[in-house]
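The structure under discussion appears below in the form of structure tokens.
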Amino acid sequence: MVSLADVRAHNATLKSLAPNLVAIFVGGTSGISHYTALEFARNTRSPHIYLVGRNQTAAANITAELKSINSSSTVEFIKKDVSLLRQVDEACKEIKGKEKKVNLLFMTVGYLTLKGRNETEEGLDHKFALNYYARARFMHNLAPLLDAAAKDDDSKATLSRVFSVYDPALGKNRDFNFSDPSLKENFSVRNCATHGSALGNFAMEHLAKQWPNTSFIHEMPGIVETRAGGSLWLKALYTVLSPFSVDKKESGERHLFAATAPRYAPRAKADSVEGVVDGADGIKGSGHYHLSWNGETQASTKRADKMRAEGAEAKLWTHTTEVFRKICEEGGKY
Ligand SMILES: NC(=O)c1ccc[n+]([C@@H]2O[C@H](COP(=O)([O-])OP(=O)(O)OC[C@H]3O[C@@H](n4cnc5c(N)ncnc54)[C@H](OP(=O)(O)O)[C@@H]3O)[C@@H](O)[C@H]2O)c1
């Protein structure tokens, strides 16, 4: 476990990085993205922060909060329903119109529900679209800007990281149905969680090779009090589990640490980093990492190794690009 003292000591060094770092918080109007954006603003110089979500009032409140913490921050709200990939494309177009580089893509978009399949007009399940397909589309679209950040002439401005908060373990401890990745025929809440997690894991494994100057992190945040616990039964569950939960500020601090610490280095730079950790495939510094809430890496599993041996990385990315083609390039549905 990374101690909170180490987390704080590292975060305090971030002011020595270049000013104007760019961070996109997808799901920035609530919860873990909100808490992390606060710490990002507190610990960096003149940050450019983008909050992506739907709730204008929450965005206005968080913008004011960020500005009060760091008056040199630039904060922009991008109002989009990113359960639709075509709206993800619009969000990315807006970002690309304003920024040439992105240092951090931080994604928490989603919600908890026990409801069954609920198709969007693009033919994907709504929750599944948020937990995986929208995140994959953001990664795909913004990878060139993350790569550009990694190649900045100023070595203090080369942070380049993608961070997805969900749960990597679900996708490597349960069976994956290769014949129905989007769960058109085999949808259940459990399968949706397993597939969303596995697809996220292997997308990152793929992208870490394609974009070796960027590191990719998939993390389980622990229990954190957020709006995800909005329903009555979840509120009750949080109350019961509160002795085991991570404090909101600590969650933000720990996420900022994991989103910036050199030990989770991109593949291309890992050799030069002392203390670099094992990647999700068990290879030190492979550029894609599975983390627990406390910064510890999660090892691969027999199931994940088997999926890897069966070509999951290529198969699942081929599926993902097929979804992108049908929805984003052809304007249809999957
Ligand atoms: N909190 C926990 O204890 C916990 C535990 C394990 C895993 N997780 C996972 O961690 C992630 C983050 O959770 P959280 O607790 O921070 O959640 P949260 O407080 O509910 O925040 C979710 C964010 O997603 C945005 N969002 C939802 N639907 C959207 C849509 N269609 N388009 C655009 N934005 C949308 C919401 O913004 P708008 O309302 O503005 O749209 C909000 O900003 C989730 O994937 C969750 O499953 C959380």
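The values are calculated or read from the model by the stated rules, or taken from the named source; none is laboratory data. Since the model is a prediction, treat every value here as computed from it, not as a measurement. All Cβ positions, even for glycine, are placed from backbone atoms using ideal geometry, and neighbour counts span all protein chains on display.
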Problem - Verdict on SER231 being surrounded by 14 or more Cβ atoms within 10 Å (Cβ to Cβ) and more than 25 Å from LYS284 (Cβ to Cβ) - result: no
Practice task
Mind listing whichever residues of segment 201-210 are among the hydrophobic types (A, V, I, L, M, F, W, C) and surrounded by fewer than 23 Cβ atoms within 10 Å (Cβ to Cβ)?
Solution key: LEU207
Handout entry: Test for THR13: is it assigned to a helix (DSSP H, G or I) and out of contact with any Gly (no Cβ under 8 Å at 6 or more places or on another chain)
Key = yes
Handout entry: Candidates LEU124, LEU105, LEU130, LEU114 - the one that is surrounded by fewer than 16 Cβ atoms within 10 Å (Cβ to Cβ) and within 16 Å of the ligand (Cβ to nearest atom)
Key = LEU114
Exercise for the section: Go over the candidates GLU253, GLU219 one by one and state the one that is closer than 20 Å to LEU17 by Cα, within 16 Å of the ligand (Cβ to nearest atom) and of a type in the set (D, E, K, R). Expected result: GLU253
Exercise for the section: Tell me, yes or no, whether segment 155-172 has at least one residue that is over 17 Å from the mean Cα position of the chain (by Cα), crowded, with 22+ Cβ neighbours inside 10 Å and within 16 Å of the ligand (Cβ to nearest atom). Expected result: yes
Practice task
Could you check, for segment 243-258, whether at least one of its residues is at pLDDT below 95 and farther than 22 Å from GLY28 by Cβ?
Solution key: yes
Handout entry: Failed criterion for GLU90 (all others in (1) within 22 Å of CYS328 (Cα to Cα); (2) surrounded by fewer than 20 Cβ atoms within 10 Å (Cβ to Cβ); (3) touching a residue at least 12 places away in the same chain (Cβ under 8 Å) hold)
Key = (3)
Exercise for the section: Report yes if some residue within segment 57-66 is crowded, with 16+ Cβ neighbours inside 10 Å and touching a Cys at 6+ places or on another chain (Cβ under 6 Å); otherwise report no. Expected result: no
Fill in the blank from the handout: Restricted to segment 7-26 and to residues being of a type outside the set (A, V, I, L, M, F, W, C), touching a residue at least 60 places away in the same chain (Cβ under 8 Å) and closer than 16 Å to ALA258 by Cβ, the residue nearest to the ligand (Cβ to nearest atom) is ASN11
Exercise for the section: Could you list all residues from segment 16-27 that are in a loop (DSSP other than H, G, I, E, B) and among the aliphatic types (A, V, I, L, M)? Expected result: LEU17, ALA18, LEU21
